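Worksheet: the structure to be examined is printed underneath.
The values are calculated or read from the model by the stated rules, or taken from the named source; none is laboratory data. What you see is a predicted model, and the numbers here were worked out from it, not measured in a lab. Neighbour counts are summed over all protein chains in view; Cβ atoms, including those assigned to glycine, are modelled from backbone coordinates with ideal geometry. Quick note on the areas: whole protein, heavy atoms, side chains included, nothing else; ligands and nucleic acids left out. Shrake-Rupley method; radii C 1.70, N 1.55, O 1.52, S 1.80 Å.
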Amino acid sequence: MRRIALVTLVVDDYDEAIRFYTEALGFRLVEDAPRPDGSRWVVVQPGDEGTGLVLARAKGDDQRARVGDQTGGRVGFFLHTDDFARDHARMLAAGVTFLEEPRHEPYGSVAVFQDLYGNRWDLLQPAG
């Protein structure tokens, strides 16, 4: 079996990103380990299994310029839920910015939101 285990998300600040992903989005901190070069290996994950995010602090001007726009303004991340209403309400209460009202499409309930840097995400409860 093969699967994508981790995806890197370039961030401005480790602690700020950890707070957002754990407190506002409800992810769990899987790992936060110092590295010899002064950086940190930080992994957050929305559940107990599945793909995690490596929160990597931007190095240099090229990487800093991509923070918040790693997918050219498109939705680049898809957070599946088994209870859209619960998670949408919790995220709103935590200050997450939604860019639209929830929609109910043939494929499921969905709303686009931004992370703290402006990357676009779908909160999605698949149909059926």
So, in the range 88-120, exactly how many residues are open to solvent by 30 Å² or more (accessible area, probe 1.4 Å) and small (G, A, S)? 4
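I'm trying to understand the selection: among the residues of the range 1-36, which are over 20 Å from W121 (Cα atoms) and at pLDDT below 95?
Within the range 1-36, M1, R2, R3 meet the criteria.
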Determine which single condition L29 fails, assuming it passes every other condition in (1) over 12 Å from the mean Cα position of the chain (by Cα); (2) in a strand (DSSP E or B); (3) under 30 Å from E101 (Cβ atoms). (3)
Residue that is surrounded by the most Cβ atoms within 10 Å (Cβ to Cβ), among those in the range 50-87 that are assigned to a strand (DSSP E or B) and of a type in the set (G, A, S): G52
Pairs only if they're at least six apart or on different chains, beta carbon under 7 angstrom, first in the range 106-128 and under 18 Å from A17 (Cα atoms), second basic (K, R) and surrounded by fewer than 16 Cβ atoms within 10 Å (Cβ to Cβ); list them, first residue then second. R120/R74
Could you count how many residues in the range 32-45 are under 10 Å from L55 (Cβ atoms) and exposed (fewer than 15 other Cβ atoms within 10 Å of the Cβ)? 2
